[in-house]
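Participant: Submitted below is the structure of interest, expressed as structure tokens.
Since every read-out is calculated from the coordinates, none of them should be taken as a lab result. If you're wondering where the values come from, they're calculated on a predicted model, not measured in any experiment. Every residue, glycine among them, receives a Cβ derived from its backbone with ideal geometry; neighbour counts consider all protein chains shown.
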Amino acid sequence: MMIGRRAWLAAMGVGQPEDTSTTGAADPLQRPDWVDGRRRVVSEYQNDPLVVGVERRLRCTCPCGLDIFTCRTTDFTCTYSPALHDEVVALVREGKTADEIIAAFVAKHGESILLAPKATGFGVLGYALPGAAILTVGGLLAWVLVRRAKLRAQAPVQVENPATPRAAPVLSDRERDQVERALRDLEA
Amino acid sequence: MNLLGEFALWTALLVAGWSAILAFATRGPARDRAAASVRQAPHAIALCLWVAAVSFWKALFSHDFSVEYVYSYSSRNLPDYFLFAAFWAGQKGSLLFWALVLATFASIAQLVTSRRYHDLLPAVAGVTSVVTGFFVLVMLVGGANPFERLPFVPPDGRGLNPQLQNPGMVIHPPMLYLGYIGMTIPFAFAVAALMARRLDSGWIHAIRRWSLVSWLFLSVGITIGMWWAYVELGWGGYWAWDPVENASLLPWLTLTAFLHSVMVQEKRGMLKRWNLSLVIGSFLLAIFGTFLTRSGVIASVHSFTQSNVGYFFLGFLLVAGVLCYTLLYTRWPSLEPEATLDSLASREAAFLFNNLVLLGIAFSVLWGTLFPILSEAVRGTKISVGPPFFNRVNVPLGLLLLLLTGIGPLIAWRRASAANLSRQFTGPVVAGLVVALGLLLAGLRDGYALAALAIAGFVTGTVAQEFIRGVRARGRLYQEPALVALGRLIARNRRRYGGYLVHLAIVVYFVAFAGGAFKVAKEATLRVGEAIEIDSPFGHRYRLTHLGVSQYQSLNRRVSAATLEVRQDGVRVGTIKSEKRQHVDSFGQPTFQPSTEVGIRSNLREDLYVVFAGTVDGTERGSFAVTVHPLVWWVWAGGVLLVVGGLVTMWPGGPEMAPRARPAPTRVEPEGVAV
């Protein structure tokens, strides 16, 4: 009888580890120097939505350009983000709200600690200009087109001159649709 | 070989300079002979740069650590494929790679361009020679000589940054460079057409495939870059709005705008000035991206070491910008549109608004990227502009763009009647509404995600409708079975249906991006046997049990691998492994800080993403960051679909969209909008 690789491994006890959830083993590593062995035990605050939410709005002061949460869960060599995390946690323990914590960070580290400029003062320009530019250009474009359509509607109807070549007949909407459909079928 | 390589670079510079002089400074009877000579120059430059490149690869593969670059970016125990890729890992090598690819493209352009456009080729050769020559000049006099020697020969190199030791490193940078560099050819044709005053739509045909190639490489490069960031950097995301990422997006956006607006020029002879502006602008943005990456003016995790080459690029950018737009200005009167926009409800108008949104996004990305510098200059205060800013500004624009992706291809040229609009859009609008309603009933309340998915439903409806109608029409006309009809439909209308596939890929991207709104993350420190639980946004629960840490030596690194058993709602689904790596040189000495390899279990719905942060007190007790990231698989699927669509669109042999002869106006029309 054929036996599959997984079944064989399972029979040998490989890949189906016994439930050790109650053992809590913490055996020393063979080569502790090969790995960053100085990690701190994850505290409840590291998963706290308030802490994480605040950290996602603040920039790590190392050159990574990431937010504090991302940096401390990504760049394990960074010494700044754990310290900033501790600052956030300390303020949370003091009972401060998210906005108060952010304000405290801005007061201490300056506005560059924010991941996005405040929507006040000069910062308004940052948010408003792209949208304003698009709306202005789009509005101008639409205005010109509408104006042009009106001008066309007011334009004098050309008097047919027998000496000039005959103008092409203007198609009704229905006829235009029929032509388009026929062309589409032809293209297909 | 190093001397030969350096000699080849100097020769390439001389030939490029000579070619530029002949192309732009020759007048009178000598011009024809000069033109013949100039057209040969790209081949000579390409040959020189290939000699330099082969010499450079030889230095890398032979571990010639007397060459400063080889010492800085490789080591004796670096695998061969990474030795190959180390070519573009650093500033100097990547500059050589730029010049090499550009010279090769320039040479190919001279060989494959249709005879109809041969009169443009000397100027094209002149422009490409100037750009190639500039890159070689930066290498040779800008302090970026890839063959620079050390005063001694170290026994081993410093090795390649661990984050660059990933298959993505072999593919992503070349793809991105091919995209950036490919833009030089359309740019060269545009400048040549302006100089020669051949301002009909001919030059558009000469560059169509080059534009598509460039766009496709850039798309692939960006997508693989996202994949690389996702699997290698370990932050559980693929796009961080980093300045260098933004720099790659800018020319992609303008080139995408060009690929749409060029159809209006081909079909109706409109938007000539706009198209020239876009081609020139795309090239300048590619150079701007190079400037950002290499100048160190803006902090980025992706940028090369700060160096003086940034000043060269800034100077080149300014000079090229002023010259090209001045040239365009002098030809302005010759670029009158041959037709005017008839209606807001027309394909031309849809493409125009599509261009407006694309350029709007490009502007907002550029604005956000440069805003910190501006703020510092105006207020003296340095500020940061990160994902919250870009998402707030660009997500609505992106959704508008997605909507136009569905509208543009279906609306009639010139003027859409009410009947046309009803016939084309009733089905897709219903599809979008059904999706929105279904999601609302399923409990989705995130406004942007809901809008993205509903619009995705609408656009998918438009694409599906086009395919179904096409297949039915062929079935009626030729009595073909559906699959045969579908195959022939695509084969006979590659550009159109390839374009639809690309649009579908964009839809897939947006669906995947919408998934990002529901990412969940958790951290835990686990002893062996302990578990962490995390809830998926799809309703099930993962339980990850720490099985232990194994340590072993592999190639050029020491690995500590943590394995976790994964159960989904109590059912064992497998294991997941994340590693800490300490790279070492051939003497066993650590070369870089320890790096992390993430563990990923991916399926169509979501990715389970585990990062092994390290251990506590030198025991197997490990710290982990676990993320459930919905719909990530679809980002990569979108990339594949985009490539397929792009290849279908540009595959040779399909019917070209030739400019149509337009009859003289038959009725009195007021002055149109000159666009």
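Participant: Using 7 Å Cα-to-Cβ label points, what is the B:SER334/A:LEU129 separation (nm, one decimal)?
Facilitator: 3.5
Participant: For the stretch B:214-363, just say rounded, prolate or oblate: build the C-alpha gyration tensor, square-root its eigenvalues into a ≥ b ≥ c, call rounded for a/c under 1.5, and beyond that prolate if a/b exceeds b/c, oblate if not. Could the numbers behind the result be given before it?
Facilitator: Values: a/c = 3.28, a/b = 1.53, b/c = 2.15.
The shape class here is oblate.
Participant: Work out the FRET efficiency for B:TRP18 and B:LEU47 from their Cβ-Cβ distance, taking R0 = 22 Å, and round it to the nearest 0.05. Working shown, then result.
Facilitator: On the way: r = 15 Å, r/R0 = 0.67.
Efficiency, from the Cβ-Cβ distance: 0.90.
Participant: Now for a separate question. Between B:THR326 and B:ALA36, how many nm apart are label points set 7 Å from Cα along the C-beta direction?
Facilitator: 3.3
Participant: Count, for each residue of B:537-547, the Cβ atoms from other chains sitting within 10 Å of its Cβ, then give me the mean as a whole number.
Facilitator: That works out to 1 on average.
Participant: Can you give the helix-only mean residue ellipticity at 222 nm for chain B, where every DSSP H stretch with n ≥ 4 adds -39500 (n - 2.57) and the sum goes over all residues, rounded to the nearest 500 deg cm²/dmol?
Facilitator: -20500 deg cm²/dmol
Participant: If a paramagnetic tag sat 7 Å from the Cα of A:THR77 along the Cα-Cβ line, which residues of the stretch B:58-99 would have the backbone N under 18 Å from that point?
Facilitator: Under 18 Å, as judged by backbone N against the label point of A:THR77, lie B:72-75, B:78, B:89-91 of the stretch B:58-99.
Participant: Tell me the chymotrypsin sites (Phe, Trp or Tyr not before Pro) within the stretch B:486-595 that lie in a loop according to DSSP and have at most 13 other beta-carbon atoms within 10 Å. Mind showing how you got there, number by number?
Facilitator: Working: sites: B:TYR497, B:TYR500, B:TYR509, B:PHE510, B:PHE513, B:PHE518, B:PHE538, B:TYR542, B:TYR552, B:PHE587, B:PHE592; in loops: B:PHE538, B:PHE587, B:PHE592.
Listed in order of number, the matching sites are B:PHE538, B:PHE587.
Participant: Where the centroid of each part is defined by its Cα atoms, how far is the stretch B:555-602 from the stretch B:310-351 in Å?
Facilitator: Each part's Cα centre sits 51 Å from the other's.
Participant: Viscosity 1.567 mPa s, temperature 4 °C: Stokes-Einstein D of chain B from its Kirkwood Cα radius, in µm² per second? It would help to have the intermediate numbers written out before the result.
Facilitator: Working: Rh = 27.4 Å.
Once the numbers are plugged in, D ends up at 47 µm²/s.
Participant: Within straight cross-link reach of B:LYS267, meaning Cα distance under 23 Å, which lysines are found once same-chain residues fewer than 8 apart are removed?
Facilitator: Cross-link targets: none qualify.
Participant: Past 29 Å, Cα to Cα: identify those pairs from A:LYS96/A:LYS118; A:LYS108/B:LYS580; A:LYS96/B:LYS522, in the order given. Show your work: numbers first, answer last.
Facilitator: On the way: A:LYS96/A:LYS118 20 Å; A:LYS108/B:LYS580 35 Å; A:LYS96/B:LYS522 23 Å.
Violating the 29 Å Cα-Cα cut-off are A:LYS108/B:LYS580.
Participant: Which helices count as membrane-span-like in chain B under these terms: full DSSP H, at least 27 Å along the axis by C-alpha, Kyte-Doolittle mean of 1.6 or more? Numbers along the way, then the final one.
Facilitator: Values: long enough: B:2-25 (34 Å, 1.53); B:30-61 (46 Å, 0.69); B:91-112 (31 Å, 1.37); B:121-141 (29 Å, 2.25); B:202-228 (39 Å, 0.86); B:243-268 (38 Å, 0.28); B:272-295 (34 Å, 0.85); B:309-330 (31 Å, 1.89); B:347-379 (44 Å, 1.15); B:387-407 (29 Å, 1.30); B:418-441 (32 Å, 1.41); B:447-478 (46 Å, 0.63); B:494-515 (31 Å, 0.82).
Long hydrophobic helices here: B:121-141, B:309-330.
Participant: Just to be sure I understand the model, the point goes 7 Å from the Cα along the line to the Cβ. What's the resulting B:ARG541 to A:LYS118 distance in nm?
Facilitator: Placing both labels 7 Å along Cα→Cβ, they lie 4.3 nm apart.
Participant: For the protein assembly as shown, how big is the tail of P(r) above 37 Å, as a whole percent of Cα pairs?
Facilitator: 52
Participant: For the stretch B:518-633, take every pair of Cα atoms, bin their distances at 5 Å starting from 0, and report each bin as a whole percent.
Facilitator: Taking every Cα pair in the stretch B:518-633, the percentages come to 2, 12, 21, 22, 16, 12, 8, 4, 1, 0, 0.
Participant: While we're on this one: Could you pull the Cα extents of the stretch B:36-134 along its three principal axes, largest to smallest, in whole Å?
Facilitator: 53, 22, 17 Å, listed from the longest principal axis down.
Participant: Using the number of other C-beta atoms within 10 angstrom as an exposure proxy, rank B:ARG541, B:ARG198, B:ARG76 with the fewest first.
Facilitator: Details: B:ARG541 12, B:ARG198 18, B:ARG76 15.
Placing the least packed residue first, the sequence is B:ARG541, B:ARG76, B:ARG198.
Participant: Averaging the inverse of every distinct alpha carbon separation and then flipping it gives the Kirkwood radius. What is it for the stretch A:32-145, in angstrom units? Don't skip to the answer; put the middle values down first.
Facilitator: On the way: mean 1/r = 0.0609 Å⁻¹.
Its Kirkwood hydrodynamic radius stands at 16.4 Å.
Participant: For the stretch B:312-405, which GluC sites (Glu not before Pro) pass both filters: DSSP loop (anything but H, G, I, E, B) and at most 15 other C-beta atoms within 10 Å? Walk me through the numbers before you get to the answer.
Facilitator: Values: sites: B:GLU338, B:GLU348, B:GLU376; in loops: B:GLU338.
The qualifying sites are B:GLU338.
Participant: With r defined as the distance between the Cβ atoms of A:ALA104 and B:THR381 and R0 fixed at 22 Å, what FRET efficiency is calculated, to the nearest 0.05? List each step's numbers first, then the result.
Facilitator: Working: r = 18 Å, r/R0 = 0.81.
Plugging the Cβ-Cβ distance into 1/(1 + (r/R0)^6) gives 0.80.
Participant: Okay, moving on. So if the hydrodynamic radius of the stretch B:1-165 is defined as the Kirkwood radius over C-alpha pairs, what does Stokes-Einstein give as its diffusion coefficient at 37 °C and 0.692 mPa s, in µm² per second? Please report the intermediate quantities before stating the final value.
Facilitator: Values: Rh = 16.6 Å.
Rounded, D is 198 µm²/s.
Participant: Quick one: if the Förster radius is 25 Å, what FRET efficiency do B:VAL54 and B:ILE108 give, using the C-beta to C-beta distance and rounding to 0.05? Walk me through the intermediate numbers first.
Facilitator: Values: r = 18 Å, r/R0 = 0.74.
According to the calculation, E is roughly 0.85.
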